[in-house]
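Taking it in order: structure first as structure tokens, then the write-up.
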Amino acid sequence: MKTLPLGLEPVVAPRHTFDENRSLIGLSHAEVAEKLKEIGVPEKQCRMRAQQIWHWIYFRGAKSFDEMSNISKDMRAKLNQHFDVGRPEIIEALISTDGTRKWLMKFPDGQEVETVFIPEEDRGTLCVSSQVGCTLTCTFCHTGTQRLVRNLTATEIVMQLLVARDYLNEWPSPSEGRLVSTIVLMGMGEPLYNFENVKKAMHIVMDDNGINLSRRRITLSTSGVVPEIYRCGEEMGVNLAISLHAVNDETRTKIMPINNKYPIDELMTACKNYAGIKNSRKITFEYILLKDVNDSDEDALNLVKLIKDYKIPAKVNLIPFNPWPGSNYERPSKSRVAKFSDLIFSRGISAPIRTTRGEDILAACGQLKSESEKARKKLKTTH
């Protein structure tokens with residue numbers, strides 16, 4: 001058997017890569033039924049057939065209509081003629097020394113995104129991307145160094161979960177002991193700038209006729225798109241994580257330009273009024289520690305004050321900076337990080353230090369960056 005370089009795993013080649021225009025993945029029950037009606041399936045059968053197809057896609061992980069054994073051979077032939085349930089091309093599949101996995105997948109138009117799976121003792125977390133590139137230009141984030149190419153469709157967002165479960169052999173969909181038990185919308189892009197597609201994808205993921213992942217198992221991370229935070233609470237109801245990273249407008253604006261549009265007061269007010277809080281859930285404030293920028297004792301104490309002043313049920317997720325090629329920041333010392341955490345804990349707010357995972361394959365927080373800049377140039381030359 002051929003020996004693979006450390007960190008690589010065999011790429012599972014799909015039987016055929018999917019066609020976005022033909023794919024039934026990422027469509028609602030009603031949309032699948034309407035598609036069936038369009039190809040001449042009797043209207044009385046459309047709803048039942050849609051439920052069958054939905055079950056095969058999201059419960060059994062079918063990658064072709066030929067697998068759908070309770071659908072007649074003639075109907076399967078008709079579905080194959082018009083539709084598709086295949087997967088995107090996997091360009092690269094990496095495994096970190098700590099078990100973290102990263103997949104670089106290419107969509108039919110040539111755009112690429114990265115998805116990361118982080119296994120832990122009590123759960124398995126899938127970090128999902130929502131855009132190709134990013135529009136925010138946060139100075140500490142590798143993804144932010146590339147420009148936004150486009151939003152991902154609901155199909156492409158859902159597809160990331162299907163690919164992960166393919167590789168982890170997690171079909172049919174288990175009710176207990178899931179490997180992918182948690183989804184975090186913390187990959188490439190700002191999910192609230194792609195609200196409709198993210199919402200549609202998450203409703204598919206939460207649907208109890210398929211993957212059936214609870215909204216309490218889904219966390220959406222935003223840099224602070226205030227108007228959409230209110231919508232997120234009302235229309236999705238998932239857990240909310242805020243990329244805060246600074247406790248005053250001056251510092252936050254320097255490292256996160258979005259703060260010019262939605263300053264801290266507006267952001268914290270939106271968090272205070274987030275619908276999920278009514279259900280005894282806490283807001284998570286993500287805080288990347290940058291040496292000599294936002295890691296002082298004063299910063300820690302002001303972070304506590306900020307949360308308490310707005311009376312927000314919250315926990316703080318401390319993230320020591322993950323270096324990437326060309327970055328201008330440094331990671332604080334372990335003792336400085338520990339002191340920062342202790343100051344917050346001692347004042348009654350949970351502030352665990354996130355263990356860096358997948359750093360050797362550039363899969364850690366803030367390190368994701370695909371080849372989308374190259375794809376963007378190609379897109380411009382063809383239009």
Stretch Glu266-Leu179 to full length: gain in nm at 0.36 nm per residue minus the Cα-Cα span?
-> 27.6 nm
Inter-label distance, nm, simple model (7 Å from Cα along the C-beta direction), Arg347/Ala30 = 4.8 nm
Which value in nm describes the separation of the simple spin-label points at Thr135 and Asn302, placed 7 Å from the Cα toward the beta carbon?
-> 2.9 nm
The helix 73-82 Cα axis meets the longest alpha-carbon principal axis of the chain at an angle in degrees, between 0 and 90 and rounded to 10, of 60 degrees
Would you mind checking which residues have amide H under 5 Å from Met68's amide H? H placed 1.01 Å from N; only 5 or more apart, or other chain.
-> none
For segment 206-215, what does the Karplus curve 6.51 cos²θ - 1.76 cosθ + 1.60, with θ = phi - 60°, yield as ³J(HN,Hα) per residue in whole Hz, taken in order and with x for Gly and Pro?
-> 7, 4, 6, 8, x, 5, 6, 9, 4, 4
Per-residue SASA entry for His29, accessible area with 1.4 Å probe, Å² rounded to 10 | 50 Å²
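What full-extension length gain, to one decimal in nm, is calculated for Arg76 and Gln51 as 0.36 nm per residue of separation minus the Cα-Cα distance? If you can, show how the numbers build up before the last one.
Details: separation 25, 0.36 × 25 = 9.00 nm, distance 1.46 nm.
Full extension from Arg76 to Gln51 adds 7.5 nm.
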By the Kirkwood definition, with r running over pairs of different Cα atoms, segment 214-301 has a hydrodynamic radius in Å of 13.5 Å
Compute the length gained on full extension between Asp19 and Lys334: take 0.36 nm times their separation in residues and subtract their Cα-Cα distance, giving the result in nm to one decimal.
-> 108.6 nm
Using alpha carbon centers only, segment 124-191 is separated from segment 12-84 by a whole-angstrom value of 24 Å
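Taking a quarter of the surface of the convex hull around the Cα atoms of the chain, what do you get in nm²? Kindly include the intermediate steps, with their values, before the conclusion.
Values: hull surface 83.8 nm².
Computing the convex hull of the Cα atoms and averaging its projections yields 21.0 nm².
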At a probe radius of 1.4 Å, what is the per-residue accessible area of Asp84, in Å² to the nearest 10?
-> 10 Å²
Taking the Cα centre of each part, how many Å lie between segment 220-241 and segment 246-278?
-> 12 Å
The helix 154-167 Cα axis meets the longest alpha-carbon principal axis of the chain at an angle in degrees, between 0 and 90 and rounded to 10, of 90 degrees
Would you please give the residues with an amide H less than 5 Å from that of Phe285, counting only those at least 5 places away or on a separate chain, with H modeled from the backbone geometry?
-> Ile242, Lys315, Val316, Asn317
Using a 1.4 angstrom probe and counting only protein chains, how large is the accessible area of Glu67 in Å², to 10?
-> 70 Å²
For labels at Arg231 and Arg147 in the simple 7 Å Cα→Cβ model, what's the distance in nm?
-> 2.5 nm
Using a 1.4 Å probe on the protein chains only, how many percent of the accessible area of the chain belongs to carbon and sulfur?
-> 49 percent
Within a Gaussian network of the chain (alpha carbon springs, distance under 10 Å), most fluctuating of Leu213, Leu104, Leu168 | Leu168
Take Ile344, Ile91 and sort them by solvent-accessible surface of the protein heavy atoms, 1.4 Å probe, largest at the top.
-> Ile91, Ile344
If you count, for each residue, the other Cβ atoms within 10 Å and average over each peptide, how do 224-232, 126-134, 305-313 line up from highest to lowest?
-> 126-134, 224-232, 305-313
Accessible area expressed per residue, the chain, with surrounding protein chains retained (probe 1.4 Å, Å²) | 46 Å²
Mind listing the phi-derived Karplus ³J(HN,Hα) values for segment 230-239, rounded to whole Hz, using 6.51, -1.76 and 1.60 with θ = phi - 60°, and x for any glycine or proline?
-> 4, 5, 4, x, 7, 9, 10, x, 7, 5
Computed FRET efficiency, Cβ-Cβ of Asn209 and Glu121, R0 35 Å: what is it to the nearest 0.05?
-> 0.70
Over segment 266-305, equivalent-ellipsoid semi-axes from the Cα gyration tensor in Å | 26, 10, 9
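Show that you can apply the helix-only estimate: for the chain, add -39,500 (n - 2.57) for every DSSP H stretch of four or more residues, divide by all residues, and state [θ] at 222 nm to the nearest 500. Write down the numbers at each step before the final one.
Working: 11 runs with 123 residues, N = 383.
Mean residue ellipticity, 222 nm, calculated: -10000 deg cm²/dmol.
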Mind listing the long-range amide H neighbours of Ile91? Cut-off is under 5 Å, sequence gap 5 or more, other chains count too, H placed in the peptide plane at 1.01 Å from N.
-> Leu104, Met105, Lys106
Hz values of 3J(HN,Hα) by residue in segment 22-34 - Karplus curve (6.51, -1.76, 1.60), Gly and Pro given as x = 9, 5, 8, 6, x, 9, 6, 3, 5, 5, 5, 4, 5
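The values are calculated or read from the model by the stated rules, or taken from the named source; none is laboratory data. Since the model is a prediction, treat every value here as computed from it, not as a measurement. Using ideal geometry, Cβ is built from the backbone for each residue, glycine included, and neighbour counts are taken over all protein chains shown. Note: accessible area is taken over every heavy atom of the protein model, side chains too, but ligands, DNA and RNA are not part of it. Shrake-Rupley method; radii C 1.70, N 1.55, O 1.52, S 1.80 Å.
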